[in-house]
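Asker: The structure is given below, and queries will be raised subsequently.
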Amino acid sequence: MTRIFHISDIHFGLEDPRALAWLVDCVARERPDAVAITGDLTMRARHREFAAACRWIQGLDVPVTVEVGNHDLPYFNPVERFFDPYRRFRAIEHLVERPLDLPGVAIVPLKTTARAQWRFNWSKGHVGRKALADCLARIDALPPGTRALVACHHPLVEAGTRGNAMTRHGNAALAELARRNVLAVLSGHVHDAFDLIRPTPHGPVRMIGAGTLSLRTRSTPPSFNDLVLGNGDLNVTVRNLDAVPTPAMQIEDVPENALPPRQPDEPVAPIAAVPEVDPPVH
Ligand SMILES: [Fe+2]
Ligand SMILES: [Fe+2]
């Protein structure tokens, strides 16, 4: 049995300390084989946000792989954004886009975050030719029979969540992945969990999205995905502090607003929906 905690969108700067402490505790007690973090470590890629995020990630005492989210590229320094976009990850450089070989499965990164795009909103997903080629080459180089879990930040196609990804070339990427031994594509970005199958011209592909462990919730409380691979099956449990059952946390069945009803004496809005703010375009 192989167990992976799939977490996403920790957004230091607007992190949820209670949710993060809970995750650390779960990792320490349950010792998953790995933690896969599908991006958005910070809010605005500020140095202090990265310092806190890197410290927190380094405290996870199991193998970790980290994807880069749209919130993790420098916002306020265009020179650095273009010429040295990963500089602020230096403390955890060895974990970024790191392939992981685990029993029965390999985690393979796919970059979907772009420094710039030919459209107004650079926060959306983009699968570049080289990023896809690198990912496919890694999958093709795996020992025969090894299944791949592809890890990226943006869902490659929409998953019915309130937030969207609008990933350019995502459909084509998903179709290429369908031709290979891909168990599922893991992603974040939309802040709500899902587990669904999407058809492509080359066959179906499973897509699994993790919610957020930040205060930037959308429809559901802070959560992470507990992935268990055994006997060829991948089982996903969405775990959250509010004990909402997994089916209600997965977006296809989720009501308009699945956040649990607030108690009358509870402080107002400790968990608030914060609108997505687009990165600067210049
Ligand atoms: Fe996010
Ligand atoms: Fe994002």
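Asker: Among SER214, SER219, which is the only one that is small (Gly, Ala, Ser) and under 20 Å from CYS26 (Cα atoms)?
Answerer: On the way: SER219 fails: under 20 Å from CYS26 (Cα atoms).
Residue meeting the stated conditions: SER214.
Asker: Do the conditions hold for HIS282, that is, is it at pLDDT 90 or above and either within 16 Å of ligand 1 (Cβ to nearest atom) or surrounded by fewer than 20 Cβ atoms within 10 Å (Cβ to Cβ) (or both)?
Answerer: On the way: at pLDDT 90 or above: no; either within 16 Å of ligand 1 (Cβ to nearest atom) or surrounded by fewer than 20 Cβ atoms within 10 Å (Cβ to Cβ) (or both): yes.
No, not satisfied.
Asker: Would you be able to tell me the number of residues in segment 1-43 that are in a helix (DSSP H, G or I) and either surrounded by 24 or more Cβ atoms within 10 Å (Cβ to Cβ) or not basic (Lys, Arg) (or both)? Before the answer, list the steps.
Answerer: To start, the set of residues in segment 1-43 that are in a helix (DSSP H, G or I) comprises 17-30.
Filter once more, keeping what is either surrounded by 24 or more Cβ atoms within 10 Å (Cβ to Cβ) or not basic (Lys, Arg) (or both): 17, 19-28, 30.
The total comes to 12.
Asker: Let me ask you something else. Residue check, PRO221 against (1) within 19 Å of ALA151 (Cβ to Cβ); (2) in contact with a strand residue (DSSP E or B) (Cβ under 7 Å, 6 or more places away or on another chain), all met but one. Which one?
Answerer: Unmet condition: (1).
Asker: For ARG162, are the conditions met, namely being within 16 Å of ligand 1 (Cβ to nearest atom) and of a type in the set (Lys, Arg)? If you could, list the steps in order and put the result at the bottom.
Answerer: Details: within 16 Å of ligand 1 (Cβ to nearest atom): yes; of a type in the set (Lys, Arg): yes.
Judged against the criteria, ARG162 is a match.
Asker: For residues in segment 51-79 being under 18 Å from LYS111 (Cβ atoms) and more than 16 Å from ligand 1 (Cβ to nearest atom), which is nearest to the chain's Cα centre (by Cα)?
Answerer: In the first step, residues of segment 51-79 are kept if they are under 18 Å from LYS111 (Cβ atoms); the result is 64-74.
Pick out the ones that are also more than 16 Å from ligand 1 (Cβ to nearest atom) and you get 64-65, 74.
Values: VAL64: 13, THR65: 11, PRO74: 19 Å.
Ranking the candidates gives THR65 first.
Asker: Then there is this: Which residue, of ILE57, ILE7, is within 16 Å of ligand 2 (Cβ to nearest atom) and within 27 Å of ASP134 (Cα to Cα)? Working first, answer last.
Answerer: Values: ILE57 fails: within 16 Å of ligand 2 (Cβ to nearest atom).
So the residue among ILE57, ILE7 that is within 16 Å of ligand 2 (Cβ to nearest atom) and within 27 Å of ASP134 (Cα to Cα) is ILE7.
The values are calculated or read from the model by the stated rules, or taken from the named source; none is laboratory data. As the structure is a prediction and not an experimental result, all values here were calculated from the model. We place every Cβ from the backbone using ideal geometry, glycine too, and count neighbours over all the protein chains shown.
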